[in-house]
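Just so you know, all these numbers are worked out from the coordinates, no wet-lab data involved. These figures come from a predicted structure and were not determined experimentally. Don't worry about glycine lacking a Cβ; one is built from the backbone with ideal geometry, like all the others, and counts go over all protein chains shown.
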Amino acid sequence: MEINLLHPSFEIENLFEGIVAGVDEVGYGSWAGPVMAAAVVLPRDCPLSLLDLLDDSKKLSLLQREKIYTLLLDTPEVCVGIGESSVEEIDQMNIRQATLLAMTRALETLHLPLNAVIIDGTARPQCLYPCYAYVKGDQRSYSIAAASIIAKVTRDRLMQQLSLDNPHFGWEKNVGYGTKTHSEVLLKHGPTLWHRKSYRPIAALLEPTV
């Protein structure tokens, strides 16, 4: 079955019967902060006015993401689960395993008898339900696109809050990702508790000098 690659649709969801959850993560490559995942179940009769707004969160502006985030949470038929893995868990188990754990936690918070789970990417988390991974799933599936937006807005808001206590790093703009400013401030002030010590730019700062 040919899948539409240009805009999200229910084509992937319609490959399965019953309740299908879309899952995506955000924060994989960030230097600081947790990795966040969201799981979303959309009704097949979801209003077209909402579906037409959905897309990969990276393609949307901040205002668009915030609007869609609010619409999703304000639609009673839409079910949302959120999970995260902490900086400590990322450093202990590596980012890949921590991301899969965040996905598992997001699915657990749905509290729904799922028939299938569809995920953006290639890796699949451990869960009680059949899981299927789709490359560029956030551009192909309404449910995964919705999950990408929920995860992105949730994590961005958290990083903005953390920036209030760590104002030098520009997290309110870079949300923990590596930028020139972030790198320069790291060299000057050193890492915080929210920095991932296992990441090379941070680990290099912590290496003892000879």
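Below, the figures for the structure above:
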{"quantity": "The chain - mean residue ellipticity at 222 nm from DSSP helices (-39,500 (n - 2.57) per run, n ≥ 4, rounded to 500)", "calculated": "-11500 deg cm²/dmol"}
{"quantity": "Calculated from backbone phi, Karplus (6.51, -1.76, 1.60) coupling profile of the stretch 136-150 in Hz, x at Gly/Pro", "calculated": "6, x, 6, 9, 10, 10, 4, 5, 5, 4, 4, 5, 5, 6, 4"}
{"quantity": "Placed amide H near TYR132: partners under 5 Å, 5+ positions off or other chain", "calculated": "VAL117, ILE118, ILE119"}
{"quantity": "The stretch 109-116 - phi-based ³J(HN,Hα) in whole Hz, Karplus 6.51/-1.76/1.60, Gly and Pro as x", "calculated": "6, 5, 6, 10, x, 7, 9, 7"}
{"quantity": "Per-peptide average of other Cβ atoms within 10 Å, ordering 37-50, 146-159, 69-82 highest first", "calculated": "146-159, 37-50, 69-82"}
{"quantity": "Using θ = phi - 60° and Karplus 6.51 cos²θ - 1.76 cosθ + 1.60, couplings along the stretch 125-134 (whole Hz; Gly, Pro as x)", "calculated": "x, 7, 7, 7, 10, x, 10, 10, 9, 10"}
{"quantity": "Entries in LYS58/LYS188; LYS59/LYS197; LYS136/LYS197; LYS67/LYS152 that, when Cα-Cα distance is taken, lie over 23 Å", "calculated": "LYS58/LYS188; LYS59/LYS197; LYS136/LYS197"}
{"quantity": "Cβ crowding within 10 Å averaged over residues, with 175-184, 117-126 ranked highest first", "calculated": "117-126, 175-184"}
{"quantity": "Residues of the stretch 78-107 with amide N under 15 Å of a point placed 7 Å along Cα→Cβ from THR122", "calculated": "96-97"}
{"quantity": "Gain in span if fully extended, GLU207 to SER9, counting 0.36 nm per residue against the direct Cα distance", "calculated": "66.5 nm"}
{"quantity": "The stretch 13-205: translational diffusion in µm²/s, Stokes-Einstein, Kirkwood Rh over Cα pairs, 25 °C, 0.890 mPa s", "calculated": "145"}
